[in-house]
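What follows is one structure encoded as structure tokens, with my remarks underneath.
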Amino acid sequence: MEKQEVIILAIESSCDETAAAVVKNGRDVLSNVISSQIDLHTLYGGVVPEIASRKHIEKINQVIQEALDQANVTLDDITAIAVTYGPGLVGALLVGVAEAKAISFARNIPLIGVHHIEGHISANYIENKELEPPFLCLVVSGGHTHLVNVQDYGNYEILGRTRDDAAGEAFDKVARAIGLGYPGGPKIEKAAREGNPQAMDFPRAKISDNVYDFSFSGVKSAVLNYINGCKMKNIPIVQADIAASFQKAVTDVLIDHAIHAAKELGVKKLAIAGGVASNGALREGMREACKKRGISFYHPSPVLCTDNAAMIGAAAYYEYLAGTRHGWDLNAIPNLKLGER
């Protein structure tokens with residue numbers, strides 16, 4: 001293999017997906033293997049951290065071997081090992097971090113710890129080869145809602161974040177309340193296609209001291225109150241209408257904040273990332289809003305929106321070029337902030 005190629009083996013285990021990928025030069029994915037535990041956690045109505053950790057231990061070696069096999073490489077070809085070390089579930093993160101450190105130590109390969117949100121942002125580089133900073137990125141997932149000014153590779157300014165529930169968390173809670181079950185995001189999106197998004201006017205929160213911050217607990221409470229009111233008055237609950245109206249309330253706020261920031265900062269490139277970024281209504285709404293204002297819109301395909309290791313490999317490439325290396329003291333940091341080292 002040519003010397004200038006940087007081939008990274010990446011590991012992601014921050015929640016309930018055990019994932020490994022081999023990524024060449026930051027944007028060329030040679031393999032991307034994901035072992036999902038979704039069926040298991042559906043039985044409990046959400047992710048059970050202890051079960052997630054045990055499943056990662058069972059799966060991680062075979063997932064890594066499969067990633068190497070699919071990429072047609074061995075550990076001898078690997079330039080660096082990358083792993084998500086936060087934020088996430090501490091037990092789940094520890095499995096990936098311990099595995100990465102073991103391989104790095106045994107084979108004397110450089111180790112790079114990657115921030116999970118930086119990974120989500122970097123997923124956009126994989127399919128949009130022309131995308132380079134600076135740009136704005138809206139990161140929307142089960143645990144995070146961040147509006148990030150990507151000033152350069154590895155250089156992030158958080159403009160806004162959620163004050164309470166993340167958007168994905170609100171989707172899960174509302175889905176459970178209207179009887180759709182887990183996982184909430186895809187189920188609400190599916191139900192919403194049959195419903196009327198104007199049926200109910202759920203609130204859209206504005207935060208007075210930071211126009212870019214988000215709050216989704218109010219809209220979630222409004223849905224729960226509406227359901228309780230219907231039950232008390234014996235009014236039938238139209239699941240699809242609630243799903244459509246709730247989805248519209250959330251996506252309106254996400255789009256509004258992102259477009260407002262792009263306008264204020266004079267940014268002409270806007271990307272979305274994270275699990276909720278695979279939501280069709282959000283993608284379509286954002287595409288329309290960007291088109292109206294002459295902003296270029298970027299998004300990863302759905303498989304790169306949910307947790308995966310290819311995005312970690314993409315982020316690690318730029319960390320590798322910047323000289324980031326971690327030692328054997330690398331640890332899982334469940335509440336790691338973006339921009340921390």
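The values are calculated or read from the model by the stated rules, or taken from the named source; none is laboratory data. Just so it is clear, the structure is predicted and the values come from calculations on it, not from any experiment. Here the Cβ is made from the backbone with ideal geometry for all residues, glycine too, and neighbour counts use every protein chain on show.
Key figures
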| read-out | value |
| --- | --- |
| Residue match in the range 215-238 (condition: under 19 Å from the mean Cα position of the chain (by Cα) and closer than 30 Å to G266 by Cα) | yes |
| Qualifying residue in the range 126-143 (condition: outside the structural domain of S208 (by TED's automatic domain parsing), of a type outside the set (D, E) and assigned to a helix (DSSP H, G or I)) | yes |
| Extreme residue, surrounded by the most Cβ atoms within 10 Å (Cβ to Cβ), among residues of the range 304-324 that are in contact with a helix residue (DSSP H, G or I) (Cβ under 9 Å, 6 or more places away or on another chain) and assigned to a loop (DSSP other than H, G, I, E, B) | A309 |
| A281 closer than 19 Å to R27 by Cα, within 19 Å of the chain's Cα centre (by Cα) and outside the structural domain of N32 (by TED's automatic domain parsing) | no |
| Identity of the residue in the range 27-49, touching a residue at least 40 places away in the same chain (Cβ under 8 Å) and among the β-branched types (V, I, T), that ends up farthest from N128 (Cα to Cα) | T42 |
| Hey, T162 without any contact (Cβ under 8 Å) to a residue 60 or more places away in the chain, within 15 Å of the chain's Cα centre (by Cα) and buried (at least 21 other Cβ atoms within 10 Å of the Cβ) or not | yes |
| Among (1) under 28 Å from G327 (Cβ atoms); (2) within 21 Å of the chain's Cα centre (by Cα); (3) among the charged types (D, E, K, R); (4) at pLDDT below 95, the one test that D39 misses | (1) |
| In the range 316-330, the residues that are aromatic (F, W, Y) and more than 21 Å from A21 (Cα to Cα) | W328 |
| V219 being surrounded by 14 or more Cβ atoms within 10 Å (Cβ to Cβ), in contact with a Phe, Trp or Tyr (Cβ under 7 Å, 6 or more places away or on another chain) and not acidic (D, E) | yes |
| Hits in the range 297-341 - residues which are without any contact (Cβ under 8 Å) to a residue 40 or more places away in the chain and either under 22 Å from G26 (Cα atoms) or in the same structural domain as D252 (by TED's automatic domain parsing) (or both) | F297, P302, G323, R341 |
| Only listed residue being out of contact with any strand residue (DSSP E or B) (no Cβ under 9 Å at 6 or more places or on another chain), part of a loop (DSSP other than H, G, I, E, B) and touching a residue at least 24 places away in the same chain (Cβ under 8 Å), chosen from G285, G294 | G294 |
| Enumerated helices (runs of 4 or more DSSP H) restricted to the range 160-238, each holding at least 3 residues that are farther than 21 Å from G45 by Cβ and modelled with pLDDT of 90 or more | 217-233 |
| Tally of residues being in contact (Cβ under 8 Å) with a residue 24 or more places away in the chain and surrounded by fewer than 24 Cβ atoms within 10 Å (Cβ to Cβ) across the range 98-112 | 8 |
| Test for S301: is it polar (S, T, N, Q) and either surrounded by 15 or more Cβ atoms within 10 Å (Cβ to Cβ) or in contact with a Phe, Trp or Tyr (Cβ under 6 Å, 6 or more places away or on another chain) (or both) | no |
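Here's the yes/no breakdown for (1) surrounded by 15 or more Cβ atoms within 10 Å (Cβ to Cβ); (2) in the same structural domain as E288 (by TED's automatic domain parsing); (3) in contact with a Cys (Cβ under 8 Å, 6 or more places away or on another chain); (4) not small (G, A, S):
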| position | (1), (2), (3), (4) |
| --- | --- |
| A191 | yes, yes, no, no |
| D201 | no, yes, no, yes |
| A205 | yes, yes, no, no |
| N210 | no, yes, no, yes |
| V223 | yes, yes, no, yes |
| C230 | no, yes, no, yes |
| Q239 | yes, yes, no, yes |
| I242 | yes, yes, no, yes |
| L265 | no, yes, no, yes |
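The rows are residues; the columns are (1) more than 19 Å from the chain's Cα centre (by Cα); (2) farther than 24 Å from E118 by Cα; (3) modelled with pLDDT of 95 or more.
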residue: E50; (1), (2), (3): yes, yes, no
residue: E58; (1), (2), (3): yes, yes, no
residue: I64; (1), (2), (3): yes, no, yes
residue: V73; (1), (2), (3): yes, yes, yes
residue: I78; (1), (2), (3): yes, no, yes
residue: A82; (1), (2), (3): no, no, yes
residue: G96; (1), (2), (3): no, no, yes
residue: E99; (1), (2), (3): yes, no, yes
residue: I103; (1), (2), (3): yes, no, yes
